[in-house]
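The structure under discussion appears below in the form of structure tokens.
The values are calculated or read from the model by the stated rules, or taken from the named source; none is laboratory data. None of these values were measured; they are calculated from a predicted model. Note: ideal-geometry Cβ built from the backbone for every residue, glycine included; neighbour counts use all protein chains shown. Note: accessible area is taken over every heavy atom of the protein model, side chains too, but ligands, DNA and RNA are not part of it. Shrake-Rupley method; radii C 1.70, N 1.55, O 1.52, S 1.80 Å.
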Amino acid sequence: MSLIKSISGIRGTIGGKPGDGLTPIDAVLFTSAFTEWAKKNSGKENPKIVVGRDARISGEMIAGLVCNTLVGMGAHVIDVGLSTTPTVEFAVVNEQANAGIILTASHNPAQWNALKLLNHKGEFISAETGAEVLRIAAANDFNYAGIEALGTVTSIPNYIGIHISSILKLPLVNKDLISKAGFKIVVDGINSTGGTAVPELLRALGVGNITVLNGEPNGKFAHNPEPLPEHLTETSKEIVAKKADMGIVVDPDVDRLAFINEDGTMFGEEYTLVAIADYVLSHKKGNTVSNLSSTRALHDITLKHGGSYAAAAVGEVNVVMKMKETQAVIGGEGNGGIIYPDAHYGRDALVGIALFLSHLAEKKMSLTELKNQYPAYHMSKNKIDLNTGVNVDDLLSKIKDLHKKEKINTVDGVKIDFAEGWVHLRKSNTEPIIRIYSEGKSPEKANEYAELIKQNVKAILG
């Protein structure tokens, strides 16, 4: 069992003793603490808070606990039920709510769930806010409402439909062109809300030929829910068998987006953002942002369109902050997370699908042909186990000194930019390891960069 308390929320496995897993007591405790923060932040004794969940087996149970705790704290709840993370983010803004709670463990396996916490802008809370919520919880520094001040629950069951309607109104979403393209699409909904939300979006965009795999939102994930190539072999086979134009895959809460080519090969999660940025920048000049562990291809595409690229520390909160700072028109993360400010400041696979299909319909080419238009980079992801007591900050400082002739970024760990690639080292916050992400113009070059850093670490540690 495990309970992880981080700035963006509380994530844990279901069951066990309080404090060791995500138990009913933990759900009540942290909901209470977050509501107390929302009261103080909004200046309202009865704040309005949006709650939504993915289709995990534990979701209905956790949602009942959370919604009734909010009522007990005096909050007015907008319950959007089975939903997606971006839909809840959108709903917070659309309903002019004071905060939001999304019940999802994202790409984690079925035994996990989480309370992800949003501010009044529908964005994940900051590090400072997260620390304050944890302090309130640790000190039991909250008060429940008396009988005259109890909150209420208003249910809006199909907020996904409202969200989709807002997407269709975005100027760069070309419904007519998508409809005329006659796309044949296979969707893998991983037995969560993507199984209903993505087909509903596609139908609204005029796509008539849709095959849905794992579409029933019962939380019994048909395969590992992280949309990685090794988990999508059956989906790839179905695309080829159906002679489909493409496959669309999302994670359980629909904030990550991956495409599969017409021949069953992967378009590449890293290139989801690259392709969508290419489309957006071709119609709207501006800047882009991704995190330090994302492909250099976004930098190249941005410069091609006359914009500026900036890198942020890993994490959606950090990317959003950098996007606002640089007035970026598109941004996100290399795991298929698309953040499009014209919609809202959150990773949104539904917005990403609408923009990508508009791009593909405009280009009139296959996914393979589209992918071949972009700079070819290959990524390698590694880690190094560390003995207890190793001073990771000192280790990273010495790595930086070894490569001081290269371009160095220390916003988040150490990133070393070489002429034809890069290496990014970050310490883990949850286990004694260093993560090493590297990229080069070939798989061999990416591995070569990673191996160089591994040897550096071994030499420093003796």
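With unit charges on the beta carbons (Lys and Arg positive, Asp and Glu negative) and the dipole taken about the Cα centre of segment 135-258, which residue among Pro252, Ala204, Gly219 sits farthest to the positive side?
So the residue we want is Ala204.
Would you work out which of Ala450, Leu360, Gly286 lies farthest towards the positive end of the dipole of the chain, given +1 charges on the beta-carbon of Lys and Arg and -1 on that of Asp and Glu, about the Cα centre?
My answer, from the dipole projection, is Gly286.
Counting only protein heavy atoms and using a 1.4 Å probe, what share of the accessible area of segment 173-283 belongs to carbon plus sulfur, as a whole percent?
Carbon plus sulfur share of accessible area: 47 percent.
Which order do the peptides 280-290, 334-344 come out in when sorted by mean C-beta neighbours inside 10 angstrom, highest first?
Per-residue Cβ counts within 10 Å, averaged per peptide and sorted highest first, yield 334-344, 280-290.
With a 1.4 Å probe and all protein chains kept in place, how do Trp422, Trp37 rank by accessible area, largest first?
Trp37, Trp422
What is the percent carbon and sulfur in the accessible area of segment 315-462, measuring with a 1.4 Å probe over the protein chains and ignoring ligands?
Carbon with sulfur: 44 percent of the solvent-accessible area.
Each label point is 7 Å from the Cα along the Cα-to-Cβ direction; what then is the distance between the points at Glu60 and Thr368, in nm?
Once both label points are built, they end up 4.5 nm from each other.
Tell me the net charge near Ile408. Cut-off is 9 Å between Cβ atoms, Ile408 excluded, with +1 for each Lys or Arg and -1 for each Asp or Glu.
+2
Accessible area per residue, 1.4 Å probe, Å², for the chain: what's the number?
40
Tell me, what ³J(HN,Hα) does each residue in segment 96-101 have, in order and in whole Hz, if you take phi through Karplus 6.51 cos²θ - 1.76 cosθ + 1.60 with θ = phi - 60° and put x for Gly and Pro?
Working through the residues one at a time gives 6, 7, 8, 5, x, 10 Hz.
Quick one: check the C-alpha center-to-center distance for segment 65-108 versus segment 39-64, whole angstrom.
4
Treating only the Cβ atoms of Lys and Arg (+1) and Asp and Glu (-1) as charged, compute the dipole magnitude of the chain about its Cα centre; round to the nearest 20 debye.
Taking the Cα centre of the chain as origin, the dipole is about 640 debye.
Evaluate the distance, in nm, between pseudo-label points positioned 7 Å from the Cα of Thr233 and of Leu170 along their respective Cα→Cβ axes.
3.4
Within segment 96-112, which residues have the backbone N less than 16 Å from the label spot 7 Å out from Ile162 along Cα→beta-carbon, could you tell me?
Only 96-102 pass the distance filter.
Size of the dipole of segment 1-59 about the Cα centre, Lys and Arg at +1 and Asp and Glu at -1 on the beta carbon, nothing else charged, in debye to 20?
Taking the Cα centre of segment 1-59 as origin, the dipole is about 160 debye.
I'd like the distance separating the alpha-carbon centroids of segment 178-204 and segment 115-157, in whole Å.
Measuring centre to centre over Cα atoms gives 34 Å.
Compute the distance in nm between two label points, each set 7 Å from the Cα along the Cα-to-Cβ direction, one at Ser397 and one at Ile433.
It works out to 2.6 nm between the two label points.
With n ≥ 4 as the cut-off for DSSP H runs, can you work out [θ] at 222 nm for the chain, using -39500 (n - 2.57) per run divided by the number of residues, rounded to the nearest 500?
-12000 deg cm²/dmol
Can you send over the carbon and sulfur percentage of the accessible area for segment 19-157, probe radius 1.4 Å, protein chains only?
Summing carbon and sulfur atoms, their accessible area is 54 percent of the total for segment 19-157.
Can you order the peptides 213-221, 21-29, 251-259, 265-273 by their average number of other Cβ atoms within 10 Å per residue, highest first?
251-259, 265-273, 21-29, 213-221
³J(HN,Hα) across segment 28-39 via Karplus (A = 6.51, B = -1.76, C = 1.60, θ = phi - 60°), whole Hz, x for Gly/Pro?
Values per residue, Gly and Pro as x: 5, 4, 6, 5, 4, 5, 5, 5, 4, 4, 4, 4 Hz.
Please compute the length gained on full extension between Ala131 and Lys381, using 0.36 nm multiplied by the number of residues separating them and subtracting their Cα-Cα distance.
Going from the current span to full extension adds 87.0 nm.
Could you give the length gained by full extension between Leu461 and Thr154, i.e. 0.36 nm per residue of separation minus their alpha carbon distance, to one decimal place?
Taking Leu461 through Thr154 to full extension adds about 104.7 nm, to one decimal.
Explain nothing, just compute: Karplus ³J(HN,Hα) = 6.51 cos²θ - 1.76 cosθ + 1.60, θ = phi - 60°, for every residue of segment 420-428 in order, whole Hz, x for Gly and Pro.
Calculated HN-Hα couplings, in order: 10, x, 7, 9, 10, 10, 9, 7, 7 Hz.
Using Cα-Cα distances under 8 Å and only pairs 6 or more residues apart, what relative contact order does the chain have, in percent?
Reported as a whole number, the value is 11 percent.
Quick check for me: using +1 on Lys/Arg Cβ and -1 on Asp/Glu Cβ, what's the dipole size of segment 361-429 about its Cα centre, in debye to the nearest 20?
Using only the charged Cβ atoms, the result is roughly 100 debye.
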